[in-house]
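This report refers to the structure that appears directly beneath it.
The values are calculated or read from the model by the stated rules, or taken from the named source; none is laboratory data. Note that the coordinates shown come from a computational prediction; the quantities given were computed from them, not determined experimentally. Note that we place each Cβ from the backbone using ideal geometry, even for glycine, and neighbour counts take in every protein chain shown.
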Amino acid sequence: MKAGKILSALAALALTTTGAMAEWPDKPIQIMIPWPAPNDPSTLVANAIAPKMSDALGVPVKVVNKPGGGAVLATAELARSRPDGYTIGLISIGPMITQVLRGKTPYKNQDLEPLGLVWSSPFTLAARADAPYDNLQELAEYAKDNEVRLAHWGLGAVPTLIAMKAADVGGFEWKETAYGKLNPLLVVQGDADVITFSTPGLTDYVEAGKMKLLAAMLPDRVPAYPDVPTVEEQGFGDAYSIWFGAFVPKGTEPAIVDKLSTAFFQAMEDPEVAEVIENVGVVPNRTGPADARARMDRELDEFGAIMKDLGIIQ
């Protein structure tokens, strides 16, 4: 093909691509949530975000819950979806990092492109109010000579890994038990001594004087409990969080990724959405596409090392 024809073909391709972008979006966009709808914080926030994104993008934006398999089923469906920007998933660190490391997923971390990390769930290590320790150092000293029963979601769950790492640093071992239906009543009623649990779910028990918080599982302190230091502040591990991110399938056009990311984060700034975020108790953690990818790559290495040290993976 002569040079003139090549240039003409490239110009035509550029015009076609530009035209396609100018028309995007031209049909409804779906936000997929891999957890059941009732009382799910991500669903509540996404339902507030959807109409704001719809106003910004000019097409309907709807929220669809597709629970199952510890969020792996919906994440796998997202990874298989067409990379056209019409399907977004709100996925947490578990199915994106630790489940991948355990070989429990039919997808790789790199099969999804982040629009950004959006918020974190404020998990906490908590004990019964009359426990003979008020922080991780006192807990570690007590646990060296006494049995301490830890109730958790499972060994592959991020809060559990943070707790296991804290025990490793503190020189003690938990007597740990995973529960399919984890509940603070396990501690209140004496079936467990310490629990890893979302802070909003502990509030009633703390205010009633039945439980106390030992450490926040976030890089920063939980806004509702500014006097409770983090795991890192207490010297019992690095700063991790149970983050949630917005993702699209690998191969989505960068311009579409940027447009979706901008619309999502602008919606989070809306006063109505900000009020919902505050009410459900998640902690905004806005990280753009590039920084989100860098963090995930780093945490794949770091959690991989932690899980190997603990014998969870080879």
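Got at least one residue in region 162-172 being of a type in the set (V, I, T) and surrounded by 22 or more Cβ atoms within 10 Å (Cβ to Cβ)?
First pass over region 162-172, keeping only residues of a type in the set (V, I, T): 162, 169.
The next check asks that each one be surrounded by 22 or more Cβ atoms within 10 Å (Cβ to Cβ); those that pass are 162.
Yes, region 162-172 contains a residue that is of a type in the set (V, I, T) and surrounded by 22 or more Cβ atoms within 10 Å (Cβ to Cβ).
Conditions (1) modelled with pLDDT under 80; (2) touching a Phe, Trp or Tyr at 6+ places or on another chain (Cβ under 6 Å); (3) exposed (fewer than 13 other Cβ atoms within 10 Å of the Cβ), marked per residue:
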residue: A3; (1), (2), (3): yes, no, yes
residue: P28; (1), (2), (3): no, no, yes
residue: W35; (1), (2), (3): no, no, no
residue: P51; (1), (2), (3): no, no, no
residue: A56; (1), (2), (3): no, no, no
residue: E77; (1), (2), (3): no, no, no
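So I88 fits all but one of (1) surrounded by fewer than 18 Cβ atoms within 10 Å (Cβ to Cβ); (2) at pLDDT 95 or above; what number is the exception?
All conditions pass for I88, except number (1).
Tell me which residues, restricted to region 75-99, are over 14 Å from the mean Cα position of the chain (by Cα) and not hydroxyl-bearing (S, T, Y).
A76, E77, L78, A79, R80, R82, P83, D84, G85, I88 - these are the residues of region 75-99 that are over 14 Å from the mean Cα position of the chain (by Cα) and not hydroxyl-bearing (S, T, Y).
Tell me which strands (runs of 3 or more DSSP E) are completely within region 96-171 and hold 1 or more residues being more than 26 Å from D204 (Cα to Cα), or say none if there are none.
Here the list reads 112-121.
Residue by residue through region 182-229, note down the ones that are farther than 25 Å from N146 by Cα and either in contact with a Gly (Cβ under 8 Å, 6 or more places away or on another chain) or outside any loop (DSSP other than H, G, I, E, B) (or both).
Result: S198, T199, P200, G201, T203, D204, E207, A224.
One line per residue, one yes/no per condition, for (1) assigned by TED's automatic domain parsing to the domain that holds N47; (2) of a type in the set (V, I, T); (3) out of contact with any Leu (no Cβ under 7 Å at 6 or more places or on another chain):
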residue: G251; (1), (2), (3): yes, no, yes
residue: F265; (1), (2), (3): yes, no, yes
residue: V273; (1), (2), (3): yes, yes, yes
residue: V276; (1), (2), (3): yes, yes, no
residue: V282; (1), (2), (3): yes, yes, yes
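Failed condition for R102, given (1) under 24 Å from E233 (Cβ atoms); (2) touching a helix residue (DSSP H, G or I) at 6+ places or on another chain (Cβ under 8 Å); (3) surrounded by fewer than 24 Cβ atoms within 10 Å (Cβ to Cβ); (4) modelled with pLDDT under 95, with all others met?
(1)
Being assigned to a loop (DSSP other than H, G, I, E, B), closer than 30 Å to K108 by Cβ and without any contact (Cβ under 8 Å) to a residue 24 or more places away in the chain, is that true of even one residue in region 236-249?
yes
Scan region 271-294 for residues that are in a helix (DSSP H, G or I) and in contact with a Phe, Trp or Tyr (Cβ under 8 Å, 6 or more places away or on another chain) and report the count.
Step one: list which residues in region 271-294 are in a helix (DSSP H, G or I), which gives 271-280, 289-294.
Retained after the next criterion (residues that are in contact with a Phe, Trp or Tyr (Cβ under 8 Å, 6 or more places away or on another chain)): 277.
The total comes to 1.
Answer yes or no as to whether E147 is modelled with pLDDT under 95 and either in contact with a strand residue (DSSP E or B) (Cβ under 7 Å, 6 or more places away or on another chain) or closer than 16 Å to I312 by Cα (or both).
No, not satisfied.
Inside region 238-263, can you point out the residues that are touching an Asp or Glu at 6+ places or on another chain (Cβ under 8 Å), among the β-branched types (V, I, T) and closer than 30 Å to T160 by Cα?
Passing the criteria: only V248.
Specify which of the listed residues (L136, L115) is over 22 Å from the mean Cα position of the chain (by Cα) and either buried (at least 22 other Cβ atoms within 10 Å of the Cβ) or under 18 Å from G94 (Cα atoms) (or both).
The conditions single out L136.
Would you check which residues across region 78-118 are among the charged types (D, E, K, R) and in contact with a Pro (Cβ under 9 Å, 6 or more places away or on another chain) and list them?
Scanning region 78-118 gives R80, R82, D84, K104, D111, E113.
Would you pick out the residues in region 266-280 that are without any contact (Cβ under 8 Å) to a residue 12 or more places away in the chain and charged (D, E, K, R)?
Scanning region 266-280 gives E269, E275, E278.
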